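Written below as structure tokens is the structure these notes are about.
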Amino acid sequence: MNELRELYQEVILDHGRNPRNFRRIEDADGEAKGDNPLCGDRVHVFVKLNGEGEVGDVAFQGRGCAITTASASMMTELLKGRSEADARRLFDLFHAVCTDEAFDPLDVPAEFEEDLDRLQVMAGVRQFPMRVKCATLPWHTFAAALDGKATATTE
């Protein structure tokens, strides 16, 4: 179990140090700023939809702890090319991974299994409620951008 925990920590540190899609999208269809006032994490998420209702591009900027940055980085990788409905469903599943002690990975729909396997690295935040907010802030901010809201918060 310790080897798995170490692997998960390495994935988080890698995404935290080398975030993917850390940039601005100038012609974004939606963008929102997310703020966790308790720890100071801030993210700005940009979403570009293609003509078919899919997430054509998603990126972020901001500053935060390794968990917030890693979560945002992994989120951007996983949501590109998804339909808006699938992106929202993946957010719901990720939120359950982070918050629901009874979450059963075996109940995940087949089309999301591989994605949830990648996101399992964040499951450990469940034991630390303050860290749940770090992990989910980028996702809440993404949803706000889709909804045309300017801001998202963990409060």
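Rundown of residues vs (1) over 29 Å from Q9 (Cα atoms); (2) buried (at least 20 other Cβ atoms within 10 Å of the Cβ); (3) modelled with pLDDT of 95 or more; (4) over 13 Å from the mean Cα position of the chain (by Cα), yes/no style:
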| residue | (1), (2), (3), (4) |
| --- | --- |
| R24 | no, no, yes, yes |
| A32 | no, yes, yes, yes |
| L38 | no, no, no, yes |
| V43 | no, yes, yes, no |
| L49 | yes, no, yes, yes |
| G56 | yes, no, yes, yes |
| T69 | no, yes, yes, no |
| A72 | no, yes, yes, no |
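Being within 15 Å of the chain's Cα centre (by Cα) and outside any helix (DSSP H, G or I) is the filter here; which residues of the stretch 112-155 pass it?
The answer is A152, T153, T154.
Which residue pairs have Cβ atoms under 8 Å apart, sit 6 or more places apart or on different chains, and have a first residue in the stretch 40-65 that is in contact (Cβ under 8 Å) with a residue 40 or more places away in the chain and in a loop (DSSP other than H, G, I, E, B) and a second that is buried (at least 17 other Cβ atoms within 10 Å of the Cβ) and among the β-branched types (V, I, T)?
So the pair list comes out as G64/V43.
Name the single residue that is farthest from R126 (Cα to Cα) among those in the stretch 79-106 being out of contact with any Phe, Trp or Tyr (no Cβ under 9 Å at 6 or more places or on another chain) and aliphatic (A, V, I, L, M).
Going through the qualifying residues, I end up with A85.
So which residues in the stretch 115-131 are touching a Cys at 6+ places or on another chain (Cβ under 8 Å) and farther than 17 Å from T69 by Cβ, if there are any at all?
Residues satisfying the conditions are A123, R126.
Six or more apart or on different chains, Cβ under 7 Å: which pairs go from a residue in the stretch 116-144 that's surrounded by fewer than 22 Cβ atoms within 10 Å (Cβ to Cβ) to one that's modelled with pLDDT of 95 or more and among the β-branched types (V, I, T)? Could you list them?
Matching pairs, first to second residue: A144/T151.
The values are calculated or read from the model by the stated rules, or taken from the named source; none is laboratory data. Remember, it's a predicted structure, so these values are computed and weren't measured experimentally. Because the Cβ atoms are built from the backbone with ideal geometry, glycine has one as well, and the counts that use them run over all protein chains shown.
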